[in-house]
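Student: Have a look at the structure that comes next, please.
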Amino acid sequence: MDLSVELAGLELAHPVLNGSGTFDVIAARRAFGDELLAEFPFSAFVSKTITPEPRAGNPPPRLIETAAGMINSIGLPNKGLEGFLAEDLPPLGELPVPLCVSVMGTSHGEFERLVEGVAARDEVAALELNVSCPNVESGLIVGEQAPETLSLLQAVRPITEKPLIVKLTPNVADPASIARAAEEGGADAVSLINTLKATAIDRRTLGPWHGAGRGGLSGPAVHHVALEQVRTVAGAVSIPVIGMGGIESGADALALLAAGATAIAVGTASFRDPLAAARVRAELVAALAEAGLGSISDLRGRIIASTST
Ligand code: RRO
């Protein structure tokens with residue numbers, strides 16, 4: 001079955017991406033060798049988010065498993081722009097699929113520096129602007145305000161012609177208004193959802209479990225939140241939507257595509273099983289056939305087309 005999709009000018013062999021920060025491809029290549037490249041699970045690879053300067057990340061504990069998912073409070077540990085360009089970009093550039101680099105700044109100036117530095121590199125096919133990390137103490141989260149999102153896009157859009165994808169937060173009342181602001185500012189696509197703000201309590205101390213006090217919930221627990229938000233956002237913008245949130249199976253992927261996503265991303269499932277995305281793709285083929293569909297384009301936006309709200 002033809003699974004190919006076009007996403008913001010990128011021709012992808014199939015619609016299964018990774019969620020940023022959920023698959024350490026450099027470590028996976030060390031473990032699995034070049035077999036990983038021969039049978040690469042994703043049609044494009046999205047890097048872990050980088051910031052202008054190196055960050056150590058949040059104090060431990062950083063993770064807790066929940067009934068149907070997990071709460072992370074990783075806090076963006078990364079080598080900073082220069083370290084990323086020197087050490088991580090060369091191996092990421094060897095991947096057999098287009099590379100999308102995720103960036104996050106705390107001001108327009110920081111975002112501009114990141115976009116300039118990253119977009120200038122030939123290895124990079126697209127950039128994701130992470131305006132939705134729940135785990136930083138930087139005050140305003142750009143992606144919680146439509147005017148801030150628009151003004152960020154207006155600042156960075158002139159810097160590059162490469163596709164800009166805006167990663168949206170689910171922690172707002174009206175995600176469609178943020179998506180429309182991203183589109184108005186010239187974004188080529190939006191991706192959603194990032195994690196839902198969440199707290200776990202340590203049963204012994206009765207204080208917060210995470211070193212940073214709180215985190216972001218992902219996994220099957222958020223799947224139906226993702227379906228609702230993808231459906232709403234896809235109905236509100238003309239640019240493509242990358243849907244993610246608790247995908248464990250081909251049926252989950254199919255549901256997000258039916259809700260209006262052009263591509264989908266596997267995230268939390270890859271922590272338990274690094275081959276989860278390959279299984280999701282295989283199951284998606286079977287699920288499409290079972291639904292009597294011959295291609296992805298037969299499916300997209302079914303819910304949007306069939307209902308008015
Ligand atoms: O590093 C993190 O703690 C993190 C990031 Br950047 C993000 O975008 N979403 C998330 O759940 N964790």
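The values are calculated or read from the model by the stated rules, or taken from the named source; none is laboratory data. Treat the numbers as computed from the prediction; the structure is a model and nothing was measured. When we count neighbours, we look across all protein chains shown, and the Cβ atoms used for this are built from the backbone with ideal geometry, even at glycine. To get the accessible areas, we keep the full protein, side chains included, count just its heavy atoms, and leave off ligands, DNA and RNA. Shrake-Rupley method; radii C 1.70, N 1.55, O 1.52, S 1.80 Å.
Student: Taking the condition of being open to solvent by 30 Å² or more (accessible area, probe 1.4 Å) and touching a helix residue (DSSP H, G or I) at 6+ places or on another chain (Cβ under 8 Å), how many residues in the stretch 23-45 meet it?
Tutor: Residues flagged as open to solvent by 30 Å² or more (accessible area, probe 1.4 Å) and touching a helix residue (DSSP H, G or I) at 6+ places or on another chain (Cβ under 8 Å) within the stretch 23-45 amount to 4.
Student: Check whether at least one residue in the stretch 23-31 is within 11 Å of the ligand (Cβ to nearest atom) and either in contact with a Gly (Cβ under 8 Å, 6 or more places away or on another chain) or under 26 Å from THR199 (Cα atoms) (or both), and report yes or no. Please lay out each step first, then the result.
Tutor: Within the stretch 23-31, the subset within 11 Å of the ligand (Cβ to nearest atom) is none.
No, the stretch 23-31 has no match at all.
Student: If I go through the stretch 231-251 residue by residue, how many of them are surrounded by 22 or more Cβ atoms within 10 Å (Cβ to Cβ), in contact with a helix residue (DSSP H, G or I) (Cβ under 6 Å, 6 or more places away or on another chain), farther than 16 Å from ALA181 by Cα and among the aliphatic types (A, V, I, L, M)?
Tutor: 1
Student: Given the conditions (1) surrounded by fewer than 24 Cβ atoms within 10 Å (Cβ to Cβ); (2) within 16 Å of the ligand (Cβ to nearest atom), which single one is not true for ARG203?
Tutor: Failed condition: (2).
Student: Please go through the stretch 215-242 and pick out each residue that is within 26 Å of ARG62 (Cα to Cα) and more than 16 Å from the ligand (Cβ to nearest atom).
Tutor: HIS224
Student: What are the residues in the stretch 216-247 that are hydroxyl-bearing (Ser, Thr, Tyr) and over 15 Å from the mean Cα position of the chain (by Cα), if any?
Tutor: THR232, SER238
Student: Give the residues of the stretch 62-71 that are open to solvent by 30 Å² or more (accessible area, probe 1.4 Å) and within 11 Å of the ligand (Cβ to nearest atom), sorted by residue number. Explain how you work it out, then say what you get.
Tutor: Restricting attention to the stretch 62-71, the residues satisfying the condition of being open to solvent by 30 Å² or more (accessible area, probe 1.4 Å) are 62-68.
Passing the criteria: ARG62, LEU63.
Student: Got a number for residues in the stretch 46-60 being within 13 Å of the ligand (Cβ to nearest atom), in a loop (DSSP other than H, G, I, E, B) and open to solvent by 30 Å² or more (accessible area, probe 1.4 Å)?
Tutor: The qualifying residues number 4.
Student: Could you go through the stretch 286-296 and let me know if any residue there is open to solvent by 10 Å² or more (accessible area, probe 1.4 Å) and under 24 Å from GLU65 (Cβ atoms).
Tutor: no
Student: If a residue has to be within 16 Å of the ligand (Cβ to nearest atom) and either under 15 Å from GLY216 (Cβ atoms) or crowded, with 19+ Cβ neighbours inside 10 Å (or both) to count, how many in the stretch 78-95 make the cut?
Tutor: 3
Student: Take the conditions open to solvent by 10 Å² or more (accessible area, probe 1.4 Å), within 16 Å of the chain's Cα centre (by Cα) and either within 11 Å of the ligand (Cβ to nearest atom) or modelled with pLDDT of 95 or more (or both) and apply them to SER20. Does it pass?
Tutor: Here the answer is yes, as SER20 does meet what is asked.
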